[in-house]
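Where a number appears in this text, it was derived from the coordinates with a stated rule and is not lab data. The model shown is predicted, which means the values in this text are computed figures rather than measured ones. Here the Cβ is made from the backbone with ideal geometry for all residues, glycine too, and neighbour counts use every protein chain on show.
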Amino acid sequence: MTRHYNFCAGPAALPVAVLERARDELLDYRGRGLSVMEMSHRSAEFNEIAERAERDLRDLLAIPDNYRVLFLQGGATLQFAMLPYNLLGQGGTPNYIDTGIWSKKAIDEAKRLFSAHIAASSRDNGLSAVPRPEAIALSDDAAYLHYTGNETIGGLEFDYIPELPEDVPLVCDLSSSILSRPLDVSRFGVIYAGAQKNIGPAGLTVVILRDDLLERGRADMPSLFSYQAMSEAGSMVNTPPTYAWYLAGLVFQWLKNEVGGLAAMADINRRKAQKLYRAIDESQLYSNPIDPVNRSWMNVPFVLAEERLNAGFLEQAEQAGLLNLKGHRSVGGMRASLYNAVPEEGVEALIGFMREFERKNA
Ligand SMILES: *Cc1c(COP(=O)(O)O)cnc(C)c1O
């Protein structure tokens, strides 16, 4: 068996140790004689799996006691709609920072349902830097401020957490950067993330929210939309994505026990990103347009100086065991996603390949 290096933006690489453990437990979960996939979500066994996952996530991120953790479905995209339903029950205008494709999708969804005020935007710098803090202009009746911590497609990442008046909760889509480093959860009202980048397999979405915000929901929303209903039911208003929840739990254990926590993970991620950006900056063939302070650790887009080389680059990379380097269809070029489960050796292999490709095509 050969495992290649997978730079996919999502669904993305999972730690080999996690896949091996899942394989070992697949047919017979710890002597119970059945698979986690076949268990009742109401069983004692699954309850233990679910609670352990939450406990480990709380440990990793040092989530304060007045925050709830929800394990939901629908992806980050459903959060674009659930969020306004849950935070606009008392009126007010949702505020957004626009830094690219994902924040724009969140804004468009809010506008379909309600309205949205753009408090700051990166459109005037061509999405190459996030707005500086002093450029954020809230509306008078701001119900919350939403931003995208890491723009997965543009490769643009916030280098700071916005400061807000105390009565305006900060909301962040951290789908592609959660768990990549330590985070001060107490600065946020709501954090959400689709699992398929840095948490686990697709089909699960993690929401972390401050418990006083549970009271702000609109009365007219479907029960599956309601943070409050989900929170009261332990994320089991209906059948949750049990296997994805279990795998996420294994990833949390891997981060705690094998990596050594998020500070250790951050050291590795910083090194991985720095090495790749340095290789890009030193080359004549590759370039990345993002302001260095906002370059994403997790998603590194780059273009080749000559577009005619793209097809050959991708083909030869694949032959070298370097998968999924094609950029998003909306921007073209290449993108290497360096999530937690992509090992440092994978990044070194990519850099070696890029240098060799440049040399051969000079
Ligand atoms: C992938 C991604 C999404 C969309 O996630 P889905 O789970 O497909 O809905 C939203 N926001 C960001 C930042 C993402 O990276």
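Key figures for this structure:
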item: Extended-chain gain in nm, criterion 0.36 nm per residue less alpha-carbon gap, Asp108 and Leu224; result: 39.6 nm
item: Proximal charge balance of Ile161 [Cβ under 14 Å; K/R count +1, D/E count -1]; result: -2
item: Value of Rg to Rh for region 55-113 (Rh from inverse mean 1/r over Cα pairs, i.e. Kirkwood); result: 1.04
item: Residue range of the chain that is longest and free of GluC sites (Glu not before Pro) which are both DSSP loop and sparsely packed (at most 13 other C-beta within 10 Å); result: 1-162
item: Convex hull projection area averaged over all views, region 128-176, Cα basis, nm²; result: 3.7
item: Three-way shape call for region 176-238 based on the alpha-carbon gyration tensor, with the a/c threshold at 1.5; result: oblate
item: nm² value of the averaged projected area, convex hull over the Cα atoms of the chain; result: 18.4
item: Three-way shape label, region 1-67, alpha-carbon gyration tensor, a/c 1.5; result: oblate
